[in-house]
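Report on the following structure.
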Amino acid sequence: MLELLRRQWWLVVLRGAVAVLFGILAIAWPGITVLALAVLWGAYVLVDGIAAAVIGLTGGPIPGADRWAHVLLGVLGVLTGVLALVWPEITVLVLLLLIAAWSIVAGVLQIAAAIRLRKVIDNEWLLALTGVVALVLGVLLIVQPGEGALALVVAIGVLAAIWGVTLIVLGFRLRSFGRSFG
């Protein structure tokens with residue numbers, strides 16, 4: 001594996017550069033990034049729905065009941081994909097609300113776990129604090145969905161940029177490693 005990475009160091013650097021570029025673009029234009037991701041997801045679901053419907057309609061080795069499940073899945077995929085492509089803002093909002101609901105449930109469960117475990121573990125307040133942070137995030141996403149979506153994209157952009165810089169550094173270290181030992 002090391003030999004492969006050493007020889008392909010430039011691909012690691014390229015991946016890093018693309019990640020940094022994505023991160024910078026996501027930070028600079030978070031609104032466009034959110035909508036672009038919704039459109040890409042819509043295109044994927046549309047193609048997936050068409051493929052599922054074709055599988056169900058053409059039969060093959062699929063038993064009868066499964067054929068109709070594929071057709072139904074395909075129709076739902078096509079409708080969802082078209083909706084996401086025509087109305088990407090709603091797609092973003094629904095995804096954001098799912099993230100918010102998950103965050104609220106996770107936060108409540110973490111706080112409850114911290115309370116239950118307070119006599120068993122030390123520093124249970126850290127678990128409670130993560131629960132509070134998750135709960136606050138979920139509530140903020142519901143109260144301010146537009147700003148929440150932009151904040152999530154900016155956070156993803158920052159993480160992508162950091163990831164990219166890390167890959168670039170790794171790639172150049174692999175390159176110099178190849179010179180030292182190759």
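The values are calculated or read from the model by the stated rules, or taken from the named source; none is laboratory data. Worth saying up front: this structure is predicted, and the values here are computed from it rather than measured. No Cβ is skipped: glycine too gets one built from the backbone with ideal geometry, and neighbour counts run over all protein chains shown. For accessibility, only protein heavy atoms count, side chains too; no ligands or nucleic acids. Shrake-Rupley method; radii C 1.70, N 1.55, O 1.52, S 1.80 Å.
A quick yes/no check of all residues on (1) modelled with pLDDT of 90 or more; (2) at positive phi:
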site	(1), (2)
GLN8	no, no
LEU14	yes, no
ILE24	yes, no
ILE27	yes, no
ALA36	no, no
LEU46	yes, no
GLY60	no, yes
ALA65	no, no
LEU79	yes, no
Those residues of the stretch 21-47 which are farther than 28 Å from LEU79 by Cβ and either open to solvent by 30 Å² or more (accessible area, probe 1.4 Å) or free of Cβ contacts under 8 Å to residues at least 60 places away in the same chain (or both), in sequence order: LEU21, PHE22, ILE24, LEU25, ILE27, ALA28, TRP29
Can you say whether ALA128 is more than 30 Å from ALA160 (Cα to Cα) and either of a type in the set (Val, Ile, Thr) or modelled with pLDDT of 90 or more (or both), as far as the supplied structure shows? no
Pairs under 7 Å by beta carbon, first residue over 21 Å from VAL143 (Cα atoms) in the stretch 100-127, partner modelled with pLDDT under 90 and basic (Lys, Arg), six or more apart or different chains? GLU124/ARG118
Please pick out the residue among ILE90, ILE104, ILE50 that is more than 30 Å from THR166 (Cα to Cα) and either open to solvent by less than 50 Å² (accessible area, probe 1.4 Å) or hydroxyl-bearing (Ser, Thr, Tyr) (or both). ILE104
Exactly one of LEU170, LEU152 is touching a Pro at 6+ places or on another chain (Cβ under 9 Å) and surrounded by 13 or more Cβ atoms within 10 Å (Cβ to Cβ), and that one is LEU152
